[in-house]
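A.B. asks: Here's a structure for you.
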Amino acid sequence: PADAEERAGTGDLRADSGTGNGVKRSTGMPFIHVQTNTAITDEQAKNIKTHLGLAITAVPGKTENWLMVETEGDKQLFFQGTDAPAAMVEVQLYGKASSNALNTLTSNITGILLDTLKIPTDRIYVSYMCTENWGWNSSNF
């Protein structure tokens, strides 16, 4: 069997000892922050949220049930020296994820922003931060 570190990276849903909160270690806790220099209507924001809820499942153990999404439009964002439509997406994850899962998620995210906001995929950055420290409901996992 794989060691604990490998299991965590593949979305193994074993309970996290010491949390006492009954939530499994690799369950959810993703946060996705979308910033763009284009306007985002309420309808577009809800569409992005819905599609990111599906996209996050590219990372084993992650679901919409734990996903938090923030969208910010009309930012002063410049990329490659221009203010043509662009976006910066920050993804924070509790635990680890494989490169393959993150590549799939990047493809999904850029496709969502292309379809919803018409931002070309080559004008979107996606960054990832994975952490073993995440707080919720008055305690840390």
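The values are calculated or read from the model by the stated rules, or taken from the named source; none is laboratory data. Keep in mind it's a predicted model, so treat the numbers as computed, not measured. Heads up, the Cβs are rebuilt from the backbone with ideal geometry, glycines too, and the neighbour counts pull from every protein chain shown. Heads up: the accessible areas ignore ligands, DNA and RNA and are worked out on the full protein's heavy atoms, side chains in. Shrake-Rupley method; radii C 1.70, N 1.55, O 1.52, S 1.80 Å.
A.B. asks: Could you run the Karplus curve 6.51 cos²θ - 1.76 cosθ + 1.60 with θ = phi - 60° over segment 85-100 and give me ³J(HN,Hα) per residue in whole Hz, x for Gly and Pro?
C.D. replies: Result, rounded to whole Hz: x, 8, 8, 10, 10, 10, 10, 10, 10, 7, x, 10, 9, 6, 4, 4.
A.B. asks: So how far apart, in nm, are the two label points at residue 68 and residue 98 if each is 7 Å from Cα heading toward Cβ?
C.D. replies: 2.9 nm
A.B. asks: Tally Lys/Arg at +1 and Asp/Glu at -1 over every other residue whose Cβ is under 15 Å from the Cβ of residue 119; what's the total?
C.D. replies: Working: positive: 75, 118, 123; negative: 72, 74, 83, 115, 122.
Once positives and negatives cancel, what remains is -2.
A.B. asks: Further, regarding this structure: Computed FRET efficiency, Cβ-Cβ of residue 136 and residue 39, R0 35 Å: what is it to the nearest 0.05? Before the final figure, lay out the partial values.
C.D. replies: On the way: r = 32 Å, r/R0 = 0.91.
The calculated FRET efficiency here is 0.65.
A.B. asks: I've got another one for you. On a C-alpha basis, how far is the centre of segment 101-116 from the centre of segment 29-66 in Å? Whole number, if you could?
C.D. replies: About 10 Å separates the Cα centre of segment 101-116 from the one of segment 29-66.
A.B. asks: Give the cross-link partners of residue 96 among the lysines, using a straight C-alpha distance below 25 Å as the criterion and excluding same-chain residues fewer than 8 apart.
C.D. replies: 24, 49, 62
A.B. asks: With an 8 Å cut-off on Cα pairs and a minimum separation of 6 or more residues, tell me the relative contact order of segment 29-141 in percent. Please list the in-between numbers first.
C.D. replies: Values: 194 pairs, mean separation 37.5, N = 113.
Taking the mean separation of contacting Cα pairs over the length of segment 29-141, I get 33 percent.
A.B. asks: Can I ask one more? What percentage of the solvent-accessible surface of segment 34-97, computed with a 1.4 Å probe over protein heavy atoms, is contributed by carbon and sulfur atoms? Let's see the in-between values first.
C.D. replies: On the way: 1670 of 3450 Å².
Accessible surface attributable to carbon and sulfur in segment 34-97 totals 48 percent.
A.B. asks: How far is the Cα center of segment 71-90 from the Cα center of segment 121-140, in Å?
C.D. replies: 20 Å
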